[in-house]
């Protein structure tokens, strides 16, 4: 199994601190399983997700991620690591890109879940 983190870096789109990358690094050190840090690339600029509805978030990140080197993920079971799951739109877009590139399976590991006060949690 290979680890992959949702590291979506593109020219001009890098965050100052990538919490998901930090989490993936610690998990990798503890497990001995390498991080596949450049498996995903942001290929489309997106607006900040804060304040968007779930459907707006999904539309915002649709087609925003690609796998630059399909051979790095083809046939592999990957774990996509994210720090906070809100609507799931970003994780879904990343997982779809990995699946299209030929990943055998994409599992998701998140460390926090935002729950709408008016809805039941998962």
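Exactly one residue out of 40, 59, 52 is touching a strand residue (DSSP E or B) at 6+ places or on another chain (Cβ under 7 Å) and surrounded by 13 or more Cβ atoms within 10 Å (Cβ to Cβ), and it is 40. Checking each residue of region 102-110 against the condition of being in a helix (DSSP H, G or I) and either surrounded by 14 or more Cβ atoms within 10 Å (Cβ to Cβ) or under 10 Å from the mean Cα position of the chain (by Cα) (or both) gives no match. Could you check, for region 69-91, whether at least one of its residues is in contact with a strand residue (DSSP E or B) (Cβ under 7 Å, 6 or more places away or on another chain) and exposed (fewer than 13 other Cβ atoms within 10 Å of the Cβ)? Looking through region 69-91, at least one residue is in contact with a strand residue (DSSP E or B) (Cβ under 7 Å, 6 or more places away or on another chain) and exposed (fewer than 13 other Cβ atoms within 10 Å of the Cβ). Do the conditions hold for residue 23, that is, is it at pLDDT 85 or above, crowded, with 16+ Cβ neighbours inside 10 Å and not in a loop (DSSP other than H, G, I, E, B)? Against the criterion (at pLDDT 85 or above, crowded, with 16+ Cβ neighbours inside 10 Å and not in a loop (DSSP other than H, G, I, E, B)), residue 23 does not qualify. Scanning region 46-72 for residues that are within 24 Å of residue 28 (Cα to Cα) and either at pLDDT below 85 or over 14 Å from the mean Cα position of the chain (by Cα) (or both) turns up 68, 69, 70, 71, 72. The set of residues from region 77-101 being part of a strand (DSSP E or B) and within 18 Å of residue 19 (Cα to Cα) comprises 79, 80, 81, 82, 83, 84, 85.
The values are calculated or read from the model by the stated rules, or taken from the named source; none is laboratory data. Model, not experiment: these values are computed from the prediction. We place every Cβ from the backbone using ideal geometry, glycine too, and count neighbours over all the protein chains shown.
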